[in-house]
1. Just to confirm my numbers, what's the Cα centroid distance between the range 116-137 and the range 143-175 in Å?
2. So what is the relative contact order of the range 117-243, in percent, for Cα pairs below 8 Å that sit 6 or more residues apart?
3. How high is the relative contact order of the chain? Use alpha-carbon pairs under 8 Å, at least six apart in sequence, and give a whole percent.
4. Can you tell me the 0 to 90 degree angle between the C-alpha axis of helix 219-231 and the longest principal axis of the chain, rounded to 10?
5. Quick one: pull the percentage of alpha-carbon pairs in the range 11-100 with a separation above 20 Å.
6. Whole percent per 5 Å bin, from 0 to the bin with the longest distance: what is P(r) over all C-alpha pairs of the range 99-163?
7. Using a basic spin-label model with each label point 7 Å from the Cα along Cα→Cβ, how many nm lie between residue 188 and residue 71?
8. Can you give the calculated 222 nm mean residue ellipticity of the chain, where each DSSP H run of n ≥ 4 adds -39,500 (n - 2.57) and the sum is split over every residue, rounded to the nearest 500 deg cm²/dmol?
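The numbers here are math on the coordinates, done by the rules we state, and not lab data. None of the values given here were measured: they were computed from a predicted structure. We place every Cβ from the backbone using ideal geometry, glycine too, and count neighbours over all the protein chains shown.
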């Protein structure tokens, strides 16, 4: 049974599954504690309890919640860099406990269903958008969502098949994937292969003006996308960002 502490101090929960969702990328599935509420797009801090090793960066990391609010699990996803925290997380035994803070963050879908949303995701930055898209499909919300998802190769694209399935089921959700280093891939790809830029956005959007734009990914990608949007005449008040440090 999952052990719960008070919301002020967070929750304690257990790992029950891990899965490789792309090359070098793992998802960690935890029991969802009673009373843990969140909105799609939010994050939580995960703290390892008595890890096998630690370093000066500490035992806590912030992760966007990849699972949707309707799910009975909490899923966190990460690229597996060679750090003490990630080595300890990777070898965490099933049923081992971790501490999870209450959900936080404002990187959530705006409430005006008439106004479309454009998501720009780089690599592991897909996680908040996966949560939002799955909740959107569940709710049958009449709001247009466009997801531009950039990876080097299909092998690096976490949850690609899940997103493609959502694209086929949800008429208000449009997925545009691009693979920018196909020369290094072993797979076939018939989609886009350039970086996300103004011409690509204009190709798939009726108008660049009007939607709210959300950008998530490594800091360099987030900065570049911000510059691209501003240079295209998008108001900064219509741009929301989530930079994944330690990517």
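1. 8 Å
2. For the range 117-243, the relative contact order is 29 percent.
3. Taking the mean separation of contacting Cα pairs over the length of the chain, I get 18 percent.
4. Orientation of helix 219-231: about 30 degrees from the principal axis.
5. 29 percent
6. Reading the bins upward from 0: 4, 14, 25, 22, 17, 12, 5, 0.
7. Those two pseudo-labels are separated by 3.1 nm.
8. That comes out to -6000 deg cm²/dmol.
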